[in-house]
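Take a look at the structure below.
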């Protein structure tokens, strides 16, 4: 009896160890971004945009290099099941003609990846390929201030944080930053 318990205990422990080491393939891991400076609080105004790798639905990667240009950059942290986030997305989409130079990236956490196809369809984002969208947990962890969703971080052309909006924000409030 003791021998059976020991064997059962060993098998159970082994299966737990292997289960923990196995990666969840539903949420593909992005390549690791460049090393971060531990002395920088990326949530403070004036801080630089942290290096990032955001994974798109078609398994492509969007990096901080992809959002470099001579205009402001809008980073919206969102949840595709959040009503406020949906309304904010519709507002941005409806006023996208204002975004002549500014780049716009919507980022959700990896567990939300299953909701993104519906979100893209419901909000007609396929008609706006310039609106970048994907998932990444590291970027949200470094930049989200944990007040409310959606959160829009605005970075200047040098990619320094110049404004954070939490919750829905009227397009009139964003216009002064859109280029």
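Laboratory data are not the source of any read-out in this text; all were calculated from the coordinates shown. Everything numeric here is computed off the predicted structure, so don't read it as measured data. Virtual Cβ from ideal backbone geometry, glycine too; neighbours counted across all protein chains shown.
Nearest 5 is fine: what % of DSSP beta bridges in segment 21-179 come out antiparallel, could you say? Before the final figure, lay out each step's value.
Working: 15 of 25 bridges.
Within segment 21-179, antiparallel bridges account for around 60 percent of the total.
Give me Rg/Rg_expected for segment 30-175, where Rg uses Cα atoms only and Rg_expected = 2.2 N^0.38 Å with N residues. Intermediate results must be reported in sequence, preceding the final value.
Numbers: Rg = 14.0 Å, N = 146, 2.2 N^0.38 = 14.6 Å.
Taking the Cα Rg and dividing by 2.2 N^0.38 Å, one obtains 0.96.
Kindly state, to the nearest 0.05, the FRET efficiency for residue 39 paired with residue 68, given R0 = 22 Å and r defined as their beta-carbon distance. Before the final figure, lay out the partial values.
Working: r = 23 Å, r/R0 = 1.06.
According to the calculation, E is roughly 0.40.
If I stretch the segment between residue 127 and residue 147 completely, what's the gain in nm (0.36 nm per residue apart, minus their alpha carbon distance), one decimal? Before the final figure, lay out the partial values.
On the way: separation 20, 0.36 × 20 = 7.20 nm, distance 3.07 nm.
Full-extension gain reported as 4.1 nm.
Over segment 30-175, what is the mean sequence separation of C-alpha contacts under 8 Å (at least six apart), divided by residue count, expressed as relative contact order in percent? Write out the running numbers ahead of the final one.
Details: 252 pairs, mean separation 47.3, N = 146.
Rounded, it is 32 percent for segment 30-175.
With a cut-off of 8 Å between alpha carbons and a minimum separation of six or more residues, what is the relative contact order of segment 95-154 in percent?
Values: 35 pairs, mean separation 25.5, N = 60.
Rounded, it is 42 percent for segment 95-154.
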